[in-house]
1. Given (1) modelled with pLDDT of 95 or more; (2) farther than 30 Å from Leu63 by Cα; (3) surrounded by fewer than 18 Cβ atoms within 10 Å (Cβ to Cβ), identify the lone condition not met by Lys134.
2. Residue check, Arg69 against (1) within 22 Å of Met100 (Cα to Cα); (2) modelled with pLDDT of 95 or more, all met but one. Which one?
3. Select from segment 37-77 the residues that are closer than 25 Å to Ala3 by Cα and of a type in the set (A, V, I, L, M, F, W, C) and list them in ascending order.
4. Take the residues of segment 84-96 that are assigned to a helix (DSSP H, G or I) and free of Cβ contacts under 8 Å to residues at least 60 places away in the same chain: which is farthest from Tyr51 (Cα to Cα)?
5. Given the conditions (1) touching a helix residue (DSSP H, G or I) at 6+ places or on another chain (Cβ under 7 Å); (2) closer than 24 Å to Val7 by Cβ; (3) at pLDDT 95 or above, and given that Leu145 satisfies all but one, which numbered condition is not satisfied?
6. Residue under question is Ala10, and the condition is that it be closer than 22 Å to Pro112 by Cα, buried (at least 22 other Cβ atoms within 10 Å of the Cβ) and out of contact with any strand residue (DSSP E or B) (no Cβ under 9 Å at 6 or more places or on another chain); does it hold?
7. So which of Arg81, Arg61, Arg69, Arg41 ends up being in contact with a Ser or Thr (Cβ under 9 Å, 6 or more places away or on another chain) and assigned to a helix (DSSP H, G or I)?
Amino acid sequence: MNAEKLVERAKMEAGRRNYPGAVEYFLQALTIDPGHREARRGAREAALKQYENAYPSGAARFLGGIGPRIALALTRDRRRRMEAIEKLLANDPRNRELGMRLGALAEAENLPLAAAAAYEGVSLGNPQDVESLKALGRVLHSQKLIDEAIAVMEKAVALAPRDAEVQRLRKDVAADGYARDAGFSGAKTTHDLLKDREHSRQLEKKGRIVRGADDLAAHAAEARAAA
């Protein structure tokens, strides 16, 4: 069974409210395709649903996480570490530290969409967490998912309106959004966008000067011919 079929099966189980089964199928999909954003996000959503009314106690999380923690400690392979963290998060989906570590590992492994899903998972379990929104917005922006990045950064601004980094990230994403819509494809930041706009104004001004000089020359030629 390939990753897509496993994800479809996981969705079916989630629809039946068999959330443990859904998590298991999502995790199987991730062993095949670690970069599958929908599977990674789905695993977190299903685990949060599973524990919506009764979150596991500290003892239950500890006992359920012994195996994955041993695996995490024994391997330096980033993908295996990601698998171990996912198993830990299956029993502790609100664990912010683990979610952020997962996102950082995914970025280091050059799996940006997996990183986005990891940061999304942190935000799902911790709706007031600004750092996960910053990381998510940054990754989405890097992948040119501008509309998603703008929505994330607007949420971050609502939570932390005085955070300078949040404001900078939002402006940079907004600049790219404006560049896309207005045709300034080279603008990467607000500064670049302003440079592009200034360049356009200079070209327009030069065009007017050239047109003015041409008109004067034409009028002079007409005057000489008439004389």
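The values are calculated or read from the model by the stated rules, or taken from the named source; none is laboratory data. What you see is a predicted model, and the numbers here were worked out from it, not measured in a lab. Cβ coordinates were reconstructed from backbone atoms using ideal geometry, including for glycine residues, and neighbour counts include every protein chain displayed.
1. Checking Lys134 against (1) modelled with pLDDT of 95 or more; (2) farther than 30 Å from Leu63 by Cα; (3) surrounded by fewer than 18 Cβ atoms within 10 Å (Cβ to Cβ), the one that fails is (3).
2. So Arg69 meets the others, but not (2).
3. Ala39, Ala43, Ala46, Ala47, Leu48, Ala71, Leu72
4. Let us first name the residues in segment 84-96 that are assigned to a helix (DSSP H, G or I), namely 84-91, 96.
Keeping just the survivors that are free of Cβ contacts under 8 Å to residues at least 60 places away in the same chain gives 84-86, 88-89, 91, 96.
Working: Ala84: 20, Ile85: 18, Glu86: 16, Leu88: 14, Leu89: 12, Asn91: 9, Arg96: 16 Å.
Here the answer is Ala84.
5. Of everything listed in (1) touching a helix residue (DSSP H, G or I) at 6+ places or on another chain (Cβ under 7 Å); (2) closer than 24 Å to Val7 by Cβ; (3) at pLDDT 95 or above, Leu145 misses just condition (1).
6. Values: closer than 22 Å to Pro112 by Cα: no; buried (at least 22 other Cβ atoms within 10 Å of the Cβ): yes; out of contact with any strand residue (DSSP E or B) (no Cβ under 9 Å at 6 or more places or on another chain): yes.
Considered against the rule, which asks whether it is closer than 22 Å to Pro112 by Cα, buried (at least 22 other Cβ atoms within 10 Å of the Cβ) and out of contact with any strand residue (DSSP E or B) (no Cβ under 9 Å at 6 or more places or on another chain), Ala10 comes out as no.
7. On the way: Arg61 fails: in contact with a Ser or Thr (Cβ under 9 Å, 6 or more places away or on another chain); Arg69 fails: in contact with a Ser or Thr (Cβ under 9 Å, 6 or more places away or on another chain); Arg41 fails: in contact with a Ser or Thr (Cβ under 9 Å, 6 or more places away or on another chain).
From the options Arg81, Arg61, Arg69, Arg41, the qualifying one is Arg81.
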